[in-house]
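The values are calculated or read from the model by the stated rules, or taken from the named source; none is laboratory data. Everything numeric here is computed off the predicted structure, so don't read it as measured data. All Cβ positions, glycine included, derive from the backbone under ideal geometry; neighbour counts span all protein chains shown.
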Amino acid sequence: MRLDRNIRDNFLQREMRTYGRKNGYVTKGQHERLHRWLPKISLPKEARLEADSFAAPAPVVMEIGFGNGEFLTHLAGLHPEWNFIGVEIYLPGVAKAVARLEDAGVMERVRISQLPAQYVLQAQVPEESLHGVYINHPDPWPKARHVKRRLIQKDFAKLLASRLELGGFVELATDKPDLAEWMREVLDAEPRLRNMAGPNGFIPRDPDRPATKFEERGEREGRTSQFLHYVKGKFESCRCTLPSV
């Protein structure tokens, strides 16, 4: 079934320009759960993420582009000591995630935003307030005229670093080799972030990491995912060359 008008009017963001789908089909059960939970756990546009946003204080970890919520639900189960904010503009994906989170019994530790990640970080997340950020398989935008649409850009890296606490981390994954190189070059050049695999390096796949649908799709099509891990600290500036747009 299609999302009803009430859900679309209240939670489908149209004011800010984004790329990719926002609306689609859900099951009746997913729709009912979305109605029940989204008003309680959604972070409205005018709200900021504060310590009292959650039932209990804890380090906050963000996943940008959580899709159907499989990875976010896994994280919430693996780390009961963390609170989470998930960012996803595709509402049918949010509906699937809400169902997964409720079934896992972790809903009280999760907040969700349907707004663009740049806006969430800029306007809703205070500086040095995030313990970590996960970005799994972001849109690759492979055509040369579209590379400016890629999430990971110089300004975004600077914003991301400003929102991490000292010692906070960023983990990324992609099965697109050119995007992997792009993200690594941009993030290696951010002076507040250290590549934990060393300059120009990628980390091995964590054996405990769940395989997302995009990772599995890449494997079926003959692509192996690559992984990046950065930590925020006080380091000497990196003299890396940024990819040209």
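Here A117 does not fit the description of being surrounded by 15 or more Cβ atoms within 10 Å (Cβ to Cβ), over 26 Å from A211 (Cβ atoms) and touching a Leu at 6+ places or on another chain (Cβ under 7 Å). The residues in region 199-214 that are of a type in the set (D, E, K, R) and within 22 Å of V186 (Cα to Cα) can be counted, and the count is 1.
Against the list (1) over 17 Å from V26 (Cα atoms); (2) in contact with a helix residue (DSSP H, G or I) (Cβ under 8 Å, 6 or more places away or on another chain), the condition Q114 fails is (1). Considering (1) more than 27 Å from P142 (Cα to Cα); (2) modelled with pLDDT under 90; (3) surrounded by 15 or more Cβ atoms within 10 Å (Cβ to Cβ), the lone condition that D9 does not fulfil carries the number (3). Is it true that L121 is more than 21 Å from L34 (Cβ to Cβ), at pLDDT 95 or above, touching a helix residue (DSSP H, G or I) at 6+ places or on another chain (Cβ under 9 Å) and assigned to a helix (DSSP H, G or I)? Yes: the conditions hold for L121. Just one residue in the set R163, R184 is touching a strand residue (DSSP E or B) at 6+ places or on another chain (Cβ under 7 Å) and within 24 Å of E46 (Cβ to Cβ); that residue is R163.
Here is the figure for region 36-81: residues that are closer than 13 Å to A95 by Cα and outside any helix (DSSP H, G or I) total 5. Among the residues of region 51-89, just one is surrounded by fewer than 13 Cβ atoms within 10 Å (Cβ to Cβ), touching a residue at least 12 places away in the same chain (Cβ under 8 Å) and of a type in the set (D, E, K, R), namely E81. Output yes when any residue across region 129-151 is out of contact with any strand residue (DSSP E or B) (no Cβ under 9 Å at 6 or more places or on another chain) and surrounded by 19 or more Cβ atoms within 10 Å (Cβ to Cβ), and no when none is. So far as region 129-151 goes, yes, one or more of its residues are out of contact with any strand residue (DSSP E or B) (no Cβ under 9 Å at 6 or more places or on another chain) and surrounded by 19 or more Cβ atoms within 10 Å (Cβ to Cβ). Could you please find all residues in region 148-167 being closer than 28 Å to E216 by Cα and modelled with pLDDT of 95 or more? Within region 148-167, R150, L151, I152, Q153, F156, A157, L160 meet the criteria.
The helices (runs of 4 or more DSSP H) falling completely within region 136-245 that include 2 or more residues that are over 25 Å from T73 (Cα atoms) and either touching a helix residue (DSSP H, G or I) at 6+ places or on another chain (Cβ under 9 Å) or in contact (Cβ under 8 Å) with a residue 40 or more places away in the chain (or both) map to 154-163, 177-188.
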